[in-house]
Structures are given as C-alpha cells and as structure tokens.
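Visitor: Submitted below is the structure of interest, expressed as structure tokens.
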Amino acid sequence: MKTILLSVLLSTLPWLAQGQSVRVGADYGMLFSRANKTAPYAGLDKQASSLNRGTFGLNLEVGLSQHLSVVAEANYETVGFVDRYTISMSSQPQTNAFSRQIKEEYVLKYLGVPLLLRYKMGQRVAVFGELGLNTRFFVDADYTLENVPYAGSPSPDSIYEEGTLYRGDVRFISLSGVAGLGAEYPLGARVAVQVGARYYLGLNEYNKYPLTTVAEEIKINALRVNAGLRYRLK
C-alpha cells in the first residue's frame, strides 16, 4: 500500500517546476461514514448508523498564487455503514412470535485519490477552504452480522458471523464530491502543522446492482477530521 501511495504522488512531479511553492505532507484522521440509500429495501425498517474508522495518507500541495493552490492526495480510506433492524418469527405454527435484533456491518476499503483546489488566507495562522473530487479505487471489503435474540426466544444464544462481501458486486471506482475547511500553524521556516475537516458526498452507488443481502442501491457519504504535518520543499 505504501508503494501505491508513493506512486500516485510521484505521478504529479511535472507540477513541481510550475508551482510558486511546493509542499509535501502526511495526515492521520478519522472517517465517519454512513449510507445514503437511493432505493430502500421494502419490508424492513432499518436504522442506519455510521461506521467509524481511521485513515492515513500522503499529500502534495502546489501553489498557483499567493492564496490559491492545487492539492493531490493518496489516502487509505475505510468507509461503509451499519444497519440495525428487527425480524419476527415463530418457532412453530400458531405460536407467539419472537424477535431477533440484527446488526449488519459493511466495511469497504479503498485507495482514495482526491484532487482539490484550495484557497488560503492569513499570515501567522492560515485558514483555508477547499473543493474537489475524490476518486476511490476498491481494495477489499469485509462483512459482519450479529444476531441477538430478545427475551422469550427459543434460541437464546447470539450469533456472530464474519465474512467478505462478494467483490464482484462492488464497483472498482467510487466518486465523491469534496468540501472542506482547515487551519495551519507554522512550527518553523519549512514545517507546519495542519488540521481540517472534510465532507465527502457520494456521487455513485458503491454496488453495481442491489446486493442479495441488502437489496438496495447505496451511496456512501463521509465526514473526515484529520491532522498532519507539512514540509515546504521550495
């Protein structure tokens, strides 16, 4: 994965000779993602909640003017969603139904390559806003299911299963619009610390067609908060 991240950034080297300033950096943060379901599954009242995972990556910022710059990044991103719902069943005909609470967790792993236009202002403490597009390339996926019985169930034991999503159902490329805000504080002549928050709006469904276990088309939205260091090359 480190080799892939470096390869993506090295492909931007032609920009270096054209920029007024060039900086490289590294970030670590958290992604809080959830599903935007465009075709909800009929018959189940699902309660969606967010999937929270760490993210890290490298970046390159090339200044176009005093305030404007272009930013290219390569990030390892884990996004997805959690579904909770209740199913009712009966152990025998004409007996009282019992319920089980189901929790399904879908975890999608990507190499994210955002390309951003950033506007920055301020001297000692700089603040900035950014807009752009994030292209995610599919790497892997995991799936877990937790089946918890309610009181009175003839099967009192919980069921916990782990597996992998069928990769043929997942689109190789996922696109998201990006909008973010941040601030930067210099630690020296060349080094600065940067913090930020960014929102990813899913532009296409992550699944090629409705999954058999989910039966819906889903876009992934996410909020990212991060901190990192920047080093000025020129």
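Rule-based calculations on the coordinates, nothing more; no lab input. This one's a predicted model, so the numbers in the text were calculated from it and none came from an experiment. All Cβ positions, even for glycine, are placed from backbone atoms using ideal geometry, and neighbour counts span all protein chains on display.
Visitor: Check which residues have an amide H placed less than 5 Å from R171's amide H, if you skip close sequence neighbours.
Guide: Here the answer is N207, K208, since their amide H atoms fall under 5 Å of that of R171.
Visitor: Still on this structure, please answer the following. What does the extension gain come out to for N204 and Q123, with contour length at 0.36 nm per residue minus their alpha carbon separation?
Guide: Numbers: separation 81, 0.36 × 81 = 29.16 nm, distance 3.89 nm.
The N204-Q123 span can extend by a further 25.3 nm.
Visitor: Another question, then. Can you put I220, I102 in order of Cβ neighbours within 10 angstrom, beginning with the fewest? The partial results should precede the final answer.
Guide: Details: I220 26, I102 17.
Neighbour counts put them in this order, fewest first: I102, I220.
Visitor: If neighbour count is taken as other Cβ atoms inside 10 Å, put V113, V191 in order from fewest to most. Don't skip to the end; give the middle numbers.
Guide: On the way: V113 21, V191 13.
Sorted ascending by nearby Cβ count, the order is V191, V113.
Visitor: In what sequence do L108, L58 fall when counting other Cβ within 10 Å, fewest first?
Guide: L58, L108
Visitor: How many nm is it between the label spots at N147 and V24, if each spot is 7 Å from the Cα in line with the beta carbon?
Guide: A separation of 5.1 nm, rounded to one decimal place.
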